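Right, one structure below, let's go through it.
Taken together, the values in this text are just the output of simple stated rules run on the coordinates, not laboratory data. In this text, all values refer to a predicted model and were calculated from it rather than measured experimentally. Because the Cβ atoms are built from the backbone with ideal geometry, glycine has one as well, and the counts that use them run over all protein chains shown.
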Amino acid sequence: MNKWLLALVTVLLVTVAACGGQDEETTEEQEVDSLAPLEVEVLMDEQIDTGENILSTRVTQDGQPVEDASEVMFEVWQEGQKESSDMIEGNHVEEGLYEVSYTFEEEGVFYLVPHVTARDQHHMPQHDLVVGDSDVETATSDGHPHEHDHHSHTEDADERLSVDFEMVDDHMTTEVLFEGHELENADVTFEVWHIDNEEQRAWISASESAPGVYQAEFDEDTTGEHHVIIHIENDDLHEHIGEVFEY
């Protein structure tokens, strides 16, 4: 009887160990997947007609479609009118594809930015669009619309917004003014990476240390030039400002 009991216990222990090993492998695979950068591709022509169009973007990670994005928002604005941009939520269609219908009511140069949040990452490439019969050469200085990688629409940031960034004693500090007044109670996040390792980015939430002043500790072993994107959001504002600092 004792032999049968011993054999049963042995089988149970082996089974539990095997399951534990599988769970550990699964966890490790998930951790590796979460470290791989998202790829966000805008699937639209460079020149489109006025009227109803489909805004479309495909989201992948390590070559696989991302089906579980937390949020996909399409931001659209006409050149010179960033302060009146439209934000439209995208719908998941299939195989990492997110789309939504949007009507361009007039001709001109427009900018499209899909804001994609998924798996603890946030990407937002900019895509230039020429709508109607406008001259394509007016879209960019090199004569062709193009996509910008990661937040390059900083140049089109809301002109009413003023951001002063500095790095002091291992703390990143930014003072945010909107229409000349301190912007209080905003959600501010610093997205930071070393110039030699763009794929590895840190997302650091800032706290408001004084009216309109946001601060976060920066603890990094790698010295040298760093880039930071300052994400500033509230109910009426969604902006991203780029800065460079030495550490």
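Can you pull out the residues in the stretch 231-247 that are within 15 Å of E184 (Cα to Cα) and β-branched (V, I, T)? Step through it out loud before you land on a result.
If we filter the stretch 231-247 for residues that are within 15 Å of E184 (Cα to Cα), which is where we start, we get 231-239.
The answer is I232, and nothing else.
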Residue in the stretch 86-130 that is farthest from E46 (Cα to Cα), counting only those that are surrounded by 17 or more Cβ atoms within 10 Å (Cβ to Cβ), out of contact with any helix residue (DSSP H, G or I) (no Cβ under 9 Å at 6 or more places or on another chain) and among the small types (G, A, S):
A118
Output yes when any residue across the stretch 219-233 is farther than 28 Å from V59 by Cβ and aliphatic (A, V, I, L, M), and no when none is.
no
For H231, all conditions in the list (1) of a type outside the set (V, I, T); (2) in contact (Cβ under 8 Å) with a residue 60 or more places away in the chain; (3) surrounded by fewer than 19 Cβ atoms within 10 Å (Cβ to Cβ) hold save one; what is the number of the exception?
(3)
For the stretch 188-227, give me each residue that is under 22 Å from A36 (Cβ atoms), surrounded by 14 or more Cβ atoms within 10 Å (Cβ to Cβ) and of a type outside the set (F, W, Y).
T189, E191, V192, H194, R201, A202, I204, H226, H227
Can you confirm whether T189 is under 14 Å from L237 (Cα atoms) and among the polar types (S, T, N, Q)?
yes
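Inspect the stretch 157-165 for any residue being under 19 Å from the mean Cα position of the chain (by Cα), among the acidic types (D, E) and loosely packed, with under 12 Cβ neighbours inside 10 Å and give the result as yes or no.
Start the filter on the stretch 157-165 by keeping residues that are under 19 Å from the mean Cα position of the chain (by Cα), which leaves 157-158.
Retained after the next criterion (residues that are among the acidic types (D, E)): 158.
Filter once more, so that each one left must be loosely packed, with under 12 Cβ neighbours inside 10 Å: none.
No, the stretch 157-165 contains no residue that is under 19 Å from the mean Cα position of the chain (by Cα), among the acidic types (D, E) and loosely packed, with under 12 Cβ neighbours inside 10 Å.
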Kindly provide the set of residues from the stretch 175-225 that are among the β-branched types (V, I, T) and in a loop (DSSP other than H, G, I, E, B), ordered by number.
I195, T222, T223
Which condition from (1) touching a Ser or Thr at 6+ places or on another chain (Cβ under 9 Å); (2) surrounded by fewer than 18 Cβ atoms within 10 Å (Cβ to Cβ); (3) aromatic (F, W, Y) is the one that W77 breaks?
(2)
